[in-house]
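Reviewing the structure listed below.
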Amino acid sequence: MALLTPDDLYNVSRQFEKNNDIIKRATGQGIRDICESVYNTKLGNEKIGIIPITAGNGIIGNFAESLFTITNYLKLDGFITNHTDVAGYYDAVNQNADILLMADDYVFIAHNLRNGKIATNHVCTGVIYAEIASRCKYADTKDILVIGLGKVGYAGASHLIKKGFNVHAYDPDNEALNNAIKELGVHPYDINSNGKKFCMVFEATPNENTITKDMISERCLVSTPGIPCGLSSELGSDYDVDLVMEPLLIGVASMLYSVI
């Protein structure tokens, strides 16, 4: 979770509402409906224990509080444990939590103590952002562009391949790209000479300006959890792009729906 800052987590509900409006406009459905469709689950009245973790670089300011806000927004019974780390885990279990949320420098998980299901944020974020991109109502093709094949991008690309999309992918790391070609069957996208434009783009990198005018068609949908955003505001405006980019709630919602 090292890429998130307190500024990224400020007013998560307001950021989510803005993005949810974009998702509805571009796909015809909101994030709750999409999550229910992907996972075939519905949130109930689950009790969510949020455990602050001090390992590594320590606690990100507002992170636990933002997760608490998210659980309330999703109409779940969330609470932050009084203690951190193992003591916090003990608190959560003693308070009869159904699902635990916790993150360190390497992984952010949701663990359902009732059914044993466990989910990681990088997989669930990749899946849901890829799914959003794939639902662009203006699309008349199964071609979709994936930029970035790290943990999040690979998970999203895998999800799209399973759904039958023609996934064109780019990553400057040749090893990552070649692995995705071999393991998933993606088509390599040459940013220098490909010339193909897409109306559906899933971007999963921690870099700015990864999306160029040569990649996108007008009135396209760009879905990205990346921080910072890979699409410049100027290009987004010029091409009338529907941009979905929200730093936390969409991915957390995907995690929770996946473990119900």
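The values are calculated or read from the model by the stated rules, or taken from the named source; none is laboratory data. What you see is a predicted model; the values in this text were computed from it and never measured. Cβ: placed from backbone, ideal geometry, glycine included. Neighbour counts: every protein chain shown. Accessible surface is based on the protein model in full, side chains and every heavy atom, while ligands, DNA and RNA are left aside. Shrake-Rupley method; radii C 1.70, N 1.55, O 1.52, S 1.80 Å.
So that you can scan it fast, the table gives a plain yes or no per residue for (1) closer than 18 Å to Leu184 by Cα; (2) of a type in the set (Gly, Ala, Ser); (3) open to solvent by 10 Å² or more (accessible area, probe 1.4 Å); (4) at pLDDT 95 or above:
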position: Asp98; (1), (2), (3), (4): no, no, yes, yes
position: Met102; (1), (2), (3), (4): no, no, yes, yes
position: Tyr106; (1), (2), (3), (4): no, no, yes, no
position: Ala133; (1), (2), (3), (4): no, yes, no, yes
position: Asp140; (1), (2), (3), (4): no, no, yes, no
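Quick one: which of Ile161, Ile80, Ile147, Ile118 is of a type outside the set (S, T, N, Q) and open to solvent by less than 30 Å² (accessible area, probe 1.4 Å)?
Ile147
Taking Ile60, is it open to solvent by 20 Å² or more (accessible area, probe 1.4 Å), closer than 22 Å to Lys151 by Cα and at pLDDT 95 or above?
Taking the combined requirement at face value, the residue does not satisfy it.
Please find, within the stretch 76-93, the residue that is nearest to Asn57 (Cα to Cα) out of those that are free of Cβ contacts under 8 Å to residues at least 12 places away in the same chain and of a type in the set (A, V, I, L, M).
Ranking the qualifying residues of the stretch 76-93, first place goes to Val86.
Need the failing condition index for Val152 against (1) open to solvent by less than 40 Å² (accessible area, probe 1.4 Å); (2) farther than 30 Å from Met200 by Cα; (3) in contact (Cβ under 8 Å) with a residue 40 or more places away in the chain, just the number.
Only one criterion is unmet by Val152, namely (2).
Gly28 is checked against (1) touching a residue at least 12 places away in the same chain (Cβ under 8 Å); (2) farther than 24 Å from Leu243 by Cβ; (3) loosely packed, with under 15 Cβ neighbours inside 10 Å and fails just one. What number does that condition carry?
(2)
Being out of contact with any Gly (no Cβ under 7 Å at 6 or more places or on another chain), modelled with pLDDT of 95 or more and loosely packed, with under 15 Cβ neighbours inside 10 Å narrows it down to one residue among Asn192, Asn178; which is it?
Only one candidate qualifies: Asn178.
Can you confirm whether Glu65 is at pLDDT 95 or above and either surrounded by 14 or more Cβ atoms within 10 Å (Cβ to Cβ) or not in a helix (DSSP H, G or I) (or both)?
no
In the stretch 83-92, is there at least one residue being in a loop (DSSP other than H, G, I, E, B) and under 21 Å from the mean Cα position of the chain (by Cα)?
Within the stretch 83-92, not a single residue is in a loop (DSSP other than H, G, I, E, B) and under 21 Å from the mean Cα position of the chain (by Cα).
Restricting to the stretch 164-175, and then to whatever is open to solvent by 60 Å² or more (accessible area, probe 1.4 Å) and of a type in the set (Asp, Glu), can you tell me which residue is farthest from the chain's Cα centre (by Cα)?
The residue in question is Glu175.
Out of all the residues in the stretch 104-117, which are closer than 17 Å to Thr71 by Cα and among the β-branched types (Val, Ile, Thr)?
Ile109
I'd like the full set of residues that are out of contact with any Lys or Arg (no Cβ under 9 Å at 6 or more places or on another chain) and in a loop (DSSP other than H, G, I, E, B), limited to the stretch 168-189.
Selection gives Asp171, Pro172, Asp173, Gly185, Val186.
I'm told Met102 meets every condition in (1) among the hydrophobic types (A, V, I, L, M, F, W, C); (2) part of a helix (DSSP H, G or I); (3) in contact (Cβ under 8 Å) with a residue 40 or more places away in the chain except one. Can you identify the failing condition by its number?
Condition not satisfied by Met102: (2).
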